[in-house]
Structure formats: structure tokens, C-alpha cells
Amino acid sequence: MESPALTPDELIDGAVKLGAVAIGLRNDVGDNSLKDVGTARRVGAKAADAGLEIRSVNALYPFNVWSEERARQTEALAALAAAAGATGLVMCPLNEGEMLEDTPEKAAGLRAALSGIRPILESHGLEGFVEPLGFPVSSLRFKREALAAIDDIGAADVFSLVHDTFHHRGAGEEQIFAGCTGLVHISGLEDPAISFTDMLDGHRVLVGPKDRLGNVEQLRRLYADGYDGVVSFEPFALQPAPSRFSQALA
């Protein structure tokens with residue numbers, strides 16, 4: 001998401017120039033999305049030749065509304081991720097102002113979805129990165145709820161958490177769960193007029209000195225508490241000028 005205007009090949013070239021160790025691919029950036037198995041294999045081979053890990057493909061949505069259609073979607077996206085040699089698949093919950101109340105049915109549905117996704121990921125040799133979204137309209141805001149469901153079905157070997165600094169701050173969750181985290185997303189918020197409960201993806205910028213989300217503090221806590229993985233830039237805001245990442249290609 002740092003440079004959605006780049007093709008996957010250009011993303012790899014830029015990552016190499018910047019000295020990155022991993023990249024994340026997406027299925028929601030228009031023409032530059034990962035779309036077919038042939039392209040996934042070619043991009044995966046190029047990344048491997050460059051010494052880059054494809055850490056994730058983002059994202060399966062809404063993963064916690066399980067159905068035959070979702071099972072087919074999971075299989076197709078898992079096949080793409082596996083073809084690219086990705087480590088895992090990011091999974092995002094329904095984020096449309098529905099399923100907001102904590103009910104036994106909602107809890108059971110989350111566990112049923114994870115149970116349905118698990119064998120598909122296992123068959124493709126993938127991990128599942130569960131990303132709670134901190135928006136008030138999200139059906140799964142808190143990492144503790146996702147972790148409880150993962151533990152209940154005994155699937156910690158397949159699923160781990162995404163700690164997104166934006167969503168962590170938006171949800172107001174204090175616990176970090178570093179040892180259960182498989183991927184970290186970072187982005188900044190600088191607009192002083194936006195509250196943490198009102199901020200939207202369009203407000204997410206690169207982390208700078210005016211950041212209000214406490215990215216540095218969150219990262220320090222994560223690493224101090226045992227996280228040892230990569231960090232992915234996840235700004236969604238439209239940039240009026242070429243991003244720093246795009247400029248690395250110049």
C-alpha cells in the first residue's frame with residue numbers, strides 16, 4: 001500500500017534498492033493486484049532471485065463471514081499466495097457496521113470461519129495473519145478476541161495476529177500480544193482535527209515526526225516483548241507527490 005501505483009515487478013525493484021528484506025502483495029490495488037497464478041509464480045521467482053521474502057498477500061475479506069462462497073474465495077487466494085511463494089495470507093473481518101454486538105452466535109461464527117480456513121491454508125503451506133480492524137464499525141476490533149478464538153480451536157500453529165499500529169490505537173487496546181504476532185503494519189496519523197475513533201484509512205500516512213499514533217513506542221514494546229518479524233508500511237492516504245518508495249526507482 002505504500003506505492004499502489006507500482007506493478008509487483010517494480011515493487012520488487014524498489015524494495016531491493018531500499019535494502020528491504022520482504023514485501024507484501026495485495027489483491028485490491030487495481031491493475032497492480034496479484035490476479036492470476038502465472039503472474040504469481042513469475043513474481044515469486046523474481047522475489048526469490050532478489051533475496052526477498054513475500055511475507056503476505058493482503059487480504060481475505062470478510063474472513064469471519066463463513067460460507068461456500070468464502071471457502072471458494074479462500075481457496076483461490078491461497079492458491080495465488082502459494083504460487084507466489086508467500087509466507088501467509090492476511091485475513092480481515094467484516095467492516096461495515098454489522099455484527100457489532102458480542103453474541104454467542106458471533107463468537108461461534110468466528111471460530112467456524114477459522115476452522116474452515118485452517119485446512120485450506122495448511123494444504124497450501126501458508127500461515128494465516130488475522131488482522132482485527134479498530135474501526136467502530138468493525139465486527140472484530142480487538143486482538144484478544146481473535147487470539148481467544150485461535151486458542152479455542154487449537155490453531156496457534158497456523159494463525160497469528162497482525163499488529164497494525166493504526167488499528168491498535170483506534171481500538172484503544174492496551175495489550176500487545178507480541179509473542180502471538182506474525183506481522184506488523186505501520187502507518188501514521190498527523191491531522192490534529194481527527195479523533196482516534198473517527199480516523200479512516202484515508203488519513204493514514206507514512207510515519208513522520210508529527211505522528212500521533214505512537215508508532216515508535218508501539219514498535220519498541222513489540223520488539224522488547226518478543227516480536228522478531230518484519231514491519232510493513234501500510235499508508236492508505238492519497239499522496240499529492242510521488243512517494244519516497246517510488247522515488248527509490250529513479
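List of remarks:
- When the residues of region 1-28 are filtered to those that are free of Cβ contacts under 8 Å to residues at least 40 places away in the same chain and open to solvent by 30 Å² or more (accessible area, probe 1.4 Å), the one that is farthest from A81 (Cα to Cα) is G19.
- Of the residues making up region 200-225, those that are open to solvent by 60 Å² or more (accessible area, probe 1.4 Å) and either within 24 Å of V137 (Cα to Cα) or not in a loop (DSSP other than H, G, I, E, B) (or both) are L200, R212, V216, E217, R220, R221, Y223, A224.
- Any hit, region 178-192, residues being under 13 Å from A146 (Cα atoms) and open to solvent by 50 Å² or more (accessible area, probe 1.4 Å): yes
- A81 meets each of the listed conditions (1) touching a Gly at 6+ places or on another chain (Cβ under 9 Å); (2) over 25 Å from G14 (Cα atoms) apart from (2).
- Picking from residues in region 1-49 that are touching a strand residue (DSSP E or B) at 6+ places or on another chain (Cβ under 8 Å) and β-branched (V, I, T), the one that is nearest to D228 (Cα to Cα) is V21.
- The criterion of being at pLDDT 95 or above and either in a loop (DSSP other than H, G, I, E, B) or β-branched (V, I, T) (or both) holds for F196.
- Residues in region 38-63 that are in contact with a Gly (Cβ under 8 Å, 6 or more places away or on another chain) and closer than 13 Å to F129 by Cα: R55, S56, V57, N58.
The values are calculated or read from the model by the stated rules, or taken from the named source; none is laboratory data. Small disclaimer: the values here were computed from a predicted structure and weren't measured. Here Cβ is always computed from backbone atoms with ideal geometry, including for glycine, and neighbour counts include all displayed protein chains. Only protein heavy atoms, including side chains, enter the accessible area calculation; ligands, DNA and RNA are left aside. Shrake-Rupley method; radii C 1.70, N 1.55, O 1.52, S 1.80 Å.
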